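Input: a single structure, listed below in structure tokens.
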Amino acid sequence: MVYNYRIVIPYALQKSILYELHEGHLGVVKMKSIARNYVYWPGLDVEIEALCQACEPCRQQQDAPPHAPLTPWPFPARPWQRT
Ligand SMILES: [Zn+2]
């Protein structure tokens, strides 16, 4: 069976496909993009998310939030000056 050019994986094989997708710890985004090119089953995205949430190497693949630039306090011109 095929869904949008993706092979629909029967329930018995979903776990092994999921583990194959997970090989290499590519992270949620990459795993989903590979899966969307080849395979489908209901709840695939949710299962990929759950697997990667539980996996430390996959979580390290997530984009870190951008670093905020440091903003130093303005230097006081005289003692006890509040700016
Ligand atoms: Zn992983």
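The values are calculated or read from the model by the stated rules, or taken from the named source; none is laboratory data. Since the structure is predicted, the reported quantities are computational estimates derived from the model, not experimental observations. Here Cβ is always computed from backbone atoms with ideal geometry, including for glycine, and neighbour counts include all displayed protein chains. The protein model used for the area step is the full one, side chains on, heavy atoms only, and it has no ligands, DNA or RNA in it. Shrake-Rupley method; radii C 1.70, N 1.55, O 1.52, S 1.80 Å.
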Computed, not fitted: 222 nm per-residue ellipticity of the chain from DSSP H runs ≥ 4 (each -39500 (n - 2.57)), nearest 500, equal to -12500 deg cm²/dmol
If every Lys and Arg gets +1 and every Asp and Glu gets -1 at its Cβ, then about the Cα centre region 30-72 yields a dipole, in debye to the nearest 20, of 140 debye
Between Val29 and Phe75, the FRET efficiency computed from the C-beta separation at R0 = 30 Å comes out, to the nearest 0.05, as 0.10
For the chain, the per residue accessible area (1.4 Å probe, Å²) is 86 Å²
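What is the percent carbon and sulfur in the accessible area of the chain, measuring with a 1.4 Å probe over the protein chains and ignoring ligands? Don't skip to the answer; put the middle values down first.
Values: 4310 of 7120 Å².
Solvent-exposed carbon and sulfur of the chain make up 60 percent of the total.
Would you mind estimating how fast the chain diffuses translationally, via Stokes-Einstein at 4 °C and 1.567 mPa s with the Kirkwood radius over Cα pairs, in µm²/s? Show your work: numbers first, answer last.
Working: Rh = 15.8 Å.
Stokes-Einstein gives a translational diffusion coefficient of 82 µm²/s.
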For region 2-59, averaging the sequence separation of alpha carbon pairs under 8 Å that lie six or more residues apart and dividing by its residue count, the contact order in percent is 44 percent
So, with points 7 Å from each Cα along the Cβ direction, the Leu51-Asp63 label distance in nm works out to 2.3 nm
Farthest towards the positive end of the dipole of the chain, among Met31, Tyr11, Ala77 and with Cβ unit charges of +1 on Lys and Arg and -1 on Asp and Glu, lies the Cα of Ala77
